[in-house]
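The values are calculated or read from the model by the stated rules, or taken from the named source; none is laboratory data. All figures in this text were calculated on a predicted structure; none of them were measured in a lab. A quick note on method: Cβ atoms are made from the backbone with ideal geometry, for glycine too, and the neighbour counts reach across all protein chains shown.
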Amino acid sequence: MRILQISPYFPPYVGGSEGYCHQLSKRLAKEGHEVTVLTSRFHGDRRHDDSMDGFQVIRTLCLGETWGVNPATPILHKLLRERFDVIHAHSYIFFTSNQAALARKLSRTPLVLHLHGGIDAFPPIDDFSTKLRFHMKNKFYDPTIGRWTVRAADAVASVSKRDIELGKKRWGLNGANMYWVPNAIDPSDFDGYHADGGPNVIFIGRLEPWKGVRTLIDVARSVRSKRDDVVFTIVGDGSLRELVRNSLPEDYVKVIGLVPHQRIPEFLANSTVLVLPSFMEGMPTVCLEASAMKVPVVASDVGGTSEIVIHGENGYLFEPGNVRACTERILELLSDADLARNFGEKGRELAEKDYSWSGVVKKVEEIYERIT
């Protein structure tokens, strides 16, 4: 089958949906499919069309980015010129997905639209630019272009069961063509590592307002005020990186920046707890990765997080922005090694049972066959 995957960003750009598209494409290619990824190329980026892991990558020059997060990448002409058996577009809020929906109307090529979160209610973020962005999305984009884009698809997949229900209500979607296709990992990628060092709380993700970075700063201060032996490791980059550096002292906070995804297990192996204080998520892969490494998770209860962080079993959930609750849960796990170990074991069981790549690829292939 000739399959086109569309992702506005793609490695070496690091992100959840980008990594998902990469891994899915690699595994579909291994199954014998002819896979092409269509993505953006940014000014100054020397990468052009190339190939990796058995599939082709076509990088189209981005003309600009709305609010720095939505690439204006013209791809419609390529969608209409090339012939594919199915098009699989990732996320509904990007210009690339809007063009995929238009191509569906013009060329009749079957379209799968994959939701990766972002349809939550307005997140309580104390940042004017971010507030304005989400206000425009919720009040103007979602009821119009967003609704049209999603409804143009032959099948709508979602990494989160919660977002399937939200999609039905918000866009009047028929549940018959909606499918739960979650994030996934390969548990064996997390074997053979050994912890080294003292108590370490790790955050892995983009340093942006919606990831709860300001909450993270307050939590780090609060935890440190009660345990002066705890180190925080922050892996990721974004617009709030300098805020983190200027707000927290280097003696107990290590800001690593971006790292290749293959190094994530290395950082998790040396961690006691993963913290994820986001205001919005789809289904955070990093929580699955922590569970595969037997690291307990303390995360805000947003999006599909509660589907993979079972409160009181492999981690704790807290209300977004609640610094006190997050601090208390982290301290509890740091002070009770048996509890943390038990949570870690249960997390590994969950990751192995329900979130393997082999199961996800099978689900995707079944969707393709159903709509072609």
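Structure data summary
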read-out	value
Candidates ARG214, ARG206, ARG170, filtered to the one that is more than 30 Å from ILE234 (Cβ to Cβ), out of contact with any strand residue (DSSP E or B) (no Cβ under 7 Å at 6 or more places or on another chain) and surrounded by 15 or more Cβ atoms within 10 Å (Cβ to Cβ)	ARG170
Within region 306-319, considering residues that are crowded, with 23+ Cβ neighbours inside 10 Å and touching a Gly at 6+ places or on another chain (Cβ under 9 Å), the one farthest from LYS211 (Cα to Cα)	ASN314
Yes/no for GLY347 being touching a Lys or Arg at 6+ places or on another chain (Cβ under 7 Å) and under 20 Å from TYR193 (Cβ atoms)	yes
Number of positions in region 186-202 that are among the β-branched types (Val, Ile, Thr) and under 18 Å from LEU288 (Cβ atoms)	1
Complete set of residues in region 293-314 that are in contact with a Pro (Cβ under 9 Å, 6 or more places away or on another chain), in a loop (DSSP other than H, G, I, E, B) and without any contact (Cβ under 8 Å) to a residue 40 or more places away in the chain	ASP301, VAL309, ASN314
Flag if ILE264 is surrounded by fewer than 24 Cβ atoms within 10 Å (Cβ to Cβ), under 22 Å from GLU345 (Cβ atoms) and in contact (Cβ under 8 Å) with a residue 12 or more places away in the chain	yes
Pair list, Cβ < 6 Å and 6+ apart or interchain, from region 315-344 residues that are part of a strand (DSSP E or B) to residues that are at pLDDT 95 or above and surrounded by fewer than 15 Cβ atoms within 10 Å (Cβ to Cβ)	LEU317/HIS311
Single match in VAL273, VAL259, VAL231, VAL255 (criterion: over 21 Å from GLY198 (Cα atoms) and either in contact with a strand residue (DSSP E or B) (Cβ under 7 Å, 6 or more places away or on another chain) or in contact (Cβ under 8 Å) with a residue 60 or more places away in the chain (or both))	VAL259
Residue satisfying all of: in region 153-167; touching a residue at least 40 places away in the same chain (Cβ under 8 Å) and among the charged types (D, E, K, R); surrounded by the fewest Cβ atoms within 10 Å (Cβ to Cβ) among these	LYS161
Number of the exception - ASN183 against (1) closer than 30 Å to ILE371 by Cβ; (2) outside any loop (DSSP other than H, G, I, E, B); (3) in contact with a Leu (Cβ under 7 Å, 6 or more places away or on another chain)	(2)
Segments classed as strands (runs of 3 or more DSSP E), wholly inside region 215-292, with at least 3 members that are under 22 Å from VAL309 (Cβ atoms)	231-235, 273-276
Answer residue from region 76-93, given it is of a type in the set (Val, Ile, Thr) and at pLDDT 95 or above and is surrounded by the fewest Cβ atoms within 10 Å (Cβ to Cβ) among those	VAL86
Complete set of residues in region 150-164 that are modelled with pLDDT of 95 or more and among the charged types (D, E, K, R)	ARG151, ASP154
2 or more residues under 30 Å from PRO209 (Cα atoms): qualifying strands (runs of 3 or more DSSP E) within region 18-116	34-41, 55-61, 86-90, 111-115
So LEU24, is it in contact (Cβ under 8 Å) with a residue 24 or more places away in the chain, within 20 Å of the chain's Cα centre (by Cα) and buried (at least 22 other Cβ atoms within 10 Å of the Cβ)	yes
Which listed residue is more than 23 Å from the chain's Cα centre (by Cα) and acidic (Asp, Glu), from ASP85, ASP142, ASP120	ASP85
